[in-house]
Amino acid sequence: MLAGALLDFRLKFGRSIPAATKIIQLDMENTLIGQNRSPDVAVVGNLGTVFEAMLQLMKDESIRLDFTTWRDELRAREGRSRRPSRGQLNSDESPQRWTNWSGTAGCQLTTGGIRSSRELSARSSSGTW
């Protein structure tokens with residue numbers, strides 16, 4: 001069940017869900033239904049109202065659902081995918097990238113600060129950046 005969620009890059013555009021899986025997609029915006037993969041059931045409307053009606057029906061029919069195993073699997077997968085970049089995200093390092101933007105008075109803006117034309121030409125003529 002996708003409720004207000006898109007099958008975008010986070011879910012590999014629907015490829016992370018097995019092909020045989022039945023998809024129920026709920027959204028307030030009808031143009032968002034069926035992007036990247038067609039649902040088996042599409043519901044357009046207020047999500048709160050739809051869920052209240054579904055919960056009442058489940059209560060009336062004594063239906064119980066348990067998604068804890070799937071949720072835990074998704075959390076573990078997400079944790080593994082974030083692990084390689086965690087060091088970079090928590091780093092205090094500042095990258096030095098030179099841009100092509102030239103400011104006034106012969107200066108150039110970089111992510112490392114503002115450099116004068118003299119400093120830039122000295123660096124480029126020495127062959128080191």
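Restricting attention to the range 1-32, the residues being within 18 Å of the chain's Cα centre (by Cα) and part of a loop (DSSP other than H, G, I, E, B) number 8. Residue check: Phe51 meets all listed conditions (1) within 22 Å of Ser81 (Cα to Cα); (2) modelled with pLDDT of 85 or more; (3) outside any loop (DSSP other than H, G, I, E, B) but one, namely (1). Inspect all residues belonging to the range 34-45 and state whether any of them is in contact with a Leu (Cβ under 9 Å, 6 or more places away or on another chain), closer than 18 Å to Leu2 by Cβ and part of a helix (DSSP H, G or I). No - not one qualifying residue is present in the range 34-45.
The values are calculated or read from the model by the stated rules, or taken from the named source; none is laboratory data. Small disclaimer: the values here were computed from a predicted structure and weren't measured. Cβ atoms come from the backbone with ideal geometry, glycine included; neighbour counts cover every protein chain shown.
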